[in-house]
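The values are calculated or read from the model by the stated rules, or taken from the named source; none is laboratory data. The shown structure was predicted, so the numbers you read here are calculated from the model rather than taken from an experiment. Here Cβ is always computed from backbone atoms with ideal geometry, including for glycine, and neighbour counts include all displayed protein chains. All accessible areas refer to the heavy atoms of the entire protein, side chains included, with ligands and DNA or RNA removed. Shrake-Rupley method; radii C 1.70, N 1.55, O 1.52, S 1.80 Å.
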Amino acid sequence: MNNTNKTAKNSTAQIPIIDDKIPAIACTLKGGYLIEASAGTGKTWTLTGILLRLLVEKRYPPERIIATTFTRAAASEMQERLQLRLSQFYRYLQWLMNMRAVYPDWFDKTAGISENEILSQIITEAKKAHIADHDDPINIYLLSYLLKQEDARALDLTLRRLSLLLATLDKLFIGTLDSLAQKLLKEFSAELSYQMDTQISADSDELTRSLIHDELRYNHQQIASENPALYNALDKSIFGDIDKAYNAVDMALQFYGAQIDEVPSVDDKKFAEFALFLDEIVDMDLSGFEPYYEIEFATKNQGMKINTISKNLKEIPVIISAIKKNKTNFLAKLPSDAKKLFDKLGDIDNNGLFKRGFDDNRDKFHELPILSLKKLYTLNEEIIGVTKNYQSWLYQQIAERVKLKLKQQLEQQNQSTFTFQMVRLIDALRDNIELARHIRYLYPVALIDESQDINGLQSELIRLLYLDPMIQERKKEKKGYGFLLLVGDPKQAIYRFRGGDVANYNFIKHYGENKDDNSKAILNHALSLTHNRRSHQALIKVLNQWFIDNGLNDRSNHAHLGDDIYYKEITAVKEECQITWQYHDNGVLPDYLTDKPLTLLSVNDKKDDKITDETDKYTLIAEHIN
């Protein structure tokens, strides 16, 4: 056996069995990390692998670990995958322990056999024994870690621990960030004065609409009695359009932590100014414009250009007549030609209305009260702006009041929403720093999946529980406590309609950065997943060419994905074009299946054309996808 070992040792010494560049292995499990993971690059495998390391290598009790993802389905899948990996590693370790008598040199540090050789033999024999995931990098790394321990009981103790973990794994929290908030509220209900029997409301939408209806009706009555001029100018339908108001309120609820821009309140002052000016313009002498009512005089004799203004100056008396009859509501009564002129009155003092060489005629025209006509247009635009501002102000007021009233009414019924539960928890953590420290002490490990879609409240929770304490530890030069991992891909941020904003991801990614003192972000984001295991090499080459090469050789991102969002070049693990059934373990295919790769890509309709340039292939594939 020694001769075999020696030969194997020489043959494998140059190629390490453990790839320490794999993020799940390169991660130190200390401090904070952010790993960006492109689609199909093994994100769930990485997360569950890191969880396995935390349980086995770092020996964290499962009840002290938090793992969150974006949906319940994803949380359920992570739970199942972790349970499977843990049970498979348990069986792997059981098999290894049973091999002690057959291969004692594996367990003897004085045997002079290299780590590479031992691991190589273990993988070979485990494959023969049909051990699941016999060459899984995390499994091999953990076996190596255990075999190198000085304590001779390390393997036995780990095996017992794994048996216990399999029975108590449900103590490890795996869920959504919303369900985490719910868990913490109930766990610390005494400290938070939180009712344990609080239920998530199933019909808060109906209550929200009812509150909006009441607010619209109140504002309708108020504006009609207190600001009649403004009320007359408004489109009254805004007071009955609950759906439109609901959209504004729903946006405020989804982006709950975001500050709603302050909109100045509006009143009748501008309308009073407008009414006074209308009286002035009715009494104004505008007879100087009369010669210009003749289009031939205006354009041929005076040198005006032929345009909407010169063709419709004759409509000035029509506008004045409408003002006399209808006061501030005159615009709605204007005929189409008069309306055309009115819409251009803002440009009536434009020097470009006259042709070159007619400067004197232009100056005489400007001596007429054209600025009064322009002011008529300007004041009307301001009135329109006031009505639009009122609608913005109205929705702002309703959003603020409904947010408050909805929360209060639900709490009176021992009900809440996921949003309000998160608000309740965050408010408590802001007021009680000691509680935040205590929670972090109880749950020192947190893994946040799909972090590109976190909303403002969720990012605030992560900041209060983990990021701020890490900042303090760095300032005091203390040894970091626990471990925080965020995994995400900003290119896949898609939940903005539910309050998710990739700006929250970037905020956390760069949290703690200070260019003035060269301090780095709290989270180490040097690791990323770039090996695609899902798609064929040809497609990956197309993506890399499309996003990176860009034909400009400057590796710029021509897709403009967003601020601080970059495409990272990825590599394909699958080099052969294969269909699903070709991955069958025994390699034997049924008679009705071909062993030839299939393609659904129609490359070219012309029989005479042949693709010779590699770039053309990429272009055609990209066009086909498009």
Members of the range 393-408 that are open to solvent by less than 60 Å² (accessible area, probe 1.4 Å) and in contact (Cβ under 8 Å) with a residue 60 or more places away in the chain
W393, L394, Y395, Q396, Q397, I398, A399, V402, K403, L406
Going through L461, L442, L467 one at a time, which residue ends up being surrounded by fewer than 15 Cβ atoms within 10 Å (Cβ to Cβ) and of a type in the set (A, V, I, L, M, F, W, C)?
L442
What tally of residues in the range 145-156 results from selecting those that are loosely packed, with under 14 Cβ neighbours inside 10 Å and among the aliphatic types (A, V, I, L, M)?
1
Considering only the range 259-300, state which residues are open to solvent by less than 40 Å² (accessible area, probe 1.4 Å), closer than 26 Å to D363 by Cβ and in a loop (DSSP other than H, G, I, E, B).
L286
All but one of (1) over 22 Å from the mean Cα position of the chain (by Cα); (2) in a helix (DSSP H, G or I) hold for R463; which doesn't?
(1)
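Mind checking which residues of the range 110-124 are outside any helix (DSSP H, G or I) and of a type in the set (A, V, I, L, M)?
Selection gives A111, I113.
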Residue check, K375 free of Cβ contacts under 8 Å to residues at least 40 places away in the same chain and either of a type in the set (G, A, S) or open to solvent by 70 Å² or more (accessible area, probe 1.4 Å) (or both)
no
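So, E150, is that one part of a loop (DSSP other than H, G, I, E, B) and charged (D, E, K, R) or not?
Values: part of a loop (DSSP other than H, G, I, E, B): yes; charged (D, E, K, R): yes.
Against the criterion (part of a loop (DSSP other than H, G, I, E, B) and charged (D, E, K, R)), E150 qualifies.
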Which condition number does A73 fail, the rest of (1) part of a helix (DSSP H, G or I); (2) open to solvent by 10 Å² or more (accessible area, probe 1.4 Å); (3) within 20 Å of L177 (Cβ to Cβ); (4) touching a residue at least 24 places away in the same chain (Cβ under 8 Å) being met?
(4)
Can you report the number of residues in the range 380-425 which are β-branched (V, I, T) and under 31 Å from the mean Cα position of the chain (by Cα)?
5
Output for the range 53-70, where each listed residue is assigned to a helix (DSSP H, G or I) and out of contact with any strand residue (DSSP E or B) (no Cβ under 9 Å at 6 or more places or on another chain):
R53, V56
A111 passes all but one of (1) among the small types (G, A, S); (2) open to solvent by 20 Å² or more (accessible area, probe 1.4 Å); (3) closer than 30 Å to F418 by Cα; which number fails?
(3)
So I494 ticks every box in (1) touching an Asp or Glu at 6+ places or on another chain (Cβ under 8 Å); (2) assigned to a helix (DSSP H, G or I); (3) modelled with pLDDT under 90 but one. Which box is left unticked?
(2)
Looking only at residues in the range 207-237 that are among the polar types (S, T, N, Q) and in a helix (DSSP H, G or I), which one is farthest from the chain's Cα centre (by Cα)?
S225
Here the residues within the range 21-39 that are in contact with a helix residue (DSSP H, G or I) (Cβ under 9 Å, 6 or more places away or on another chain) and under 16 Å from T530 (Cβ atoms) are I22, P23, A24, I25, C27, Y33, L34, I35, E36, A37, S38, A39
Can you find, within the range 94-143, the residue that is farthest from D19 (Cα to Cα) among those that are at pLDDT below 95 and basic (K, R)?
R100
Scan the range 76-98 for residues that are farther than 13 Å from L142 by Cα, among the aliphatic types (A, V, I, L, M) and open to solvent by less than 30 Å² (accessible area, probe 1.4 Å) and jot them down.
M78, L82, M97
Output the number of the condition that K127 fails; it satisfies all remaining conditions of (1) open to solvent by 30 Å² or more (accessible area, probe 1.4 Å); (2) part of a helix (DSSP H, G or I); (3) under 30 Å from H525 (Cβ atoms).
(3)
Pairing a residue in the range 214-225 that is over 14 Å from W393 (Cα atoms) with any residue that is open to solvent by 10 Å² or more (accessible area, probe 1.4 Å) and aromatic (F, W, Y), where Cβ atoms lie under 6 Å and the two sit 6 or more apart in sequence or on different chains, gives A224/Y231
Filtering the range 339-358 down to residues that are open to solvent by 80 Å² or more (accessible area, probe 1.4 Å) and assigned to a helix (DSSP H, G or I), which residue is modelled with the highest pLDDT?
K340
Does K327 meet the test of being out of contact with any helix residue (DSSP H, G or I) (no Cβ under 8 Å at 6 or more places or on another chain), at pLDDT below 95 and closer than 30 Å to Q391 by Cα?
no
For the range 183-198, state whether one or more residues are at positive phi and more than 31 Å from the chain's Cα centre (by Cα).
yes
If you go through the range 183-206 one residue at a time, how many are surrounded by 18 or more Cβ atoms within 10 Å (Cβ to Cβ) and in a helix (DSSP H, G or I)?
4
Please find, among Y495, Y505, Y511, the residue that is open to solvent by less than 20 Å² (accessible area, probe 1.4 Å), of a type in the set (F, W, Y) and touching a helix residue (DSSP H, G or I) at 6+ places or on another chain (Cβ under 6 Å).
Y505
For the range 135-143, does any single residue satisfy the condition of being touching a helix residue (DSSP H, G or I) at 6+ places or on another chain (Cβ under 9 Å), of a type in the set (V, I, T), surrounded by fewer than 18 Cβ atoms within 10 Å (Cβ to Cβ) and over 30 Å from Q409 (Cβ atoms)?
no
